[in-house]
Amino acid sequence: MRSFAAAALVAVLAASPAAAQYSQTLPSFSGPSIPLGPWAPVSLGHFTGVPTATWLAGRVSGSVGFGSFPNFQPTAPVFIFLGGIQVFDCQAIENNPCFGAADPVDWSYDFSATERATLATLAGVLGNKLELTALQNGSEFLRIGPTKLEVRTRPVNPPPHVVPEPATVVLLGTGVALVLGVRRARNS
């Protein structure tokens, strides 16, 4: 009986709120070649409902290029930004997917603590939105696969600690005393 009561007390005291999870995926983007001139920003879409609480972890991932060999369609040279932070540069990867790759190339970027704080603040200023943009410099079409943003945050409003009311403690104590009394009576 004592071990059950101790386990129940530990379970109540150890209960802590879980971290909140956010995940959203933007659809693929295939745009005309240099619509606004070289190095003009192109909006790939907005992540909405982005949390503004402290980000414990954050990652953006996606792919460039569409299809697979022999129907692969490469993308123009491109830099991808989320909230002004560069998250992808196709020219920086081995076997540059902007030119001559046989299949789409997956990429991902994990945000540093400073970048997570910046993006959470920016999302708060922009009404829980963050824009994904691209800068392209080439005559090919811009071909970006689905792009996913994943964020893990601290709970915004953790529940208050559970403190039993005095009547509950008295009732629990009476029940335990009754069970122990019955048990002693049986053993006598």
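FYI, it's all coordinate maths here, none of it is from the lab. Only a predicted model underlies this, so the values are computations on that prediction, with no experimental measurement involved. Neighbour counts run over all protein chains shown; Cβ positions are idealised from the backbone, glycine included.
Residues whose amide H lies under 5 Å from that of LEU44, counting only those 5 or more places away or on a different chain, are LEU132, THR133, ALA134; hydrogens are built 1.01 Å from N in the peptide plane.
Each peptide in 111-124, 50-63 was scored by the mean count of other Cβ atoms within 10 Å over its residues; highest first, the order is 50-63, 111-124. Summing charges over neighbours of VAL60, with a neighbour being any other residue whose Cβ is under 13 Å away from its Cβ, gives -2 when K and R count +1 and D and E count -1.
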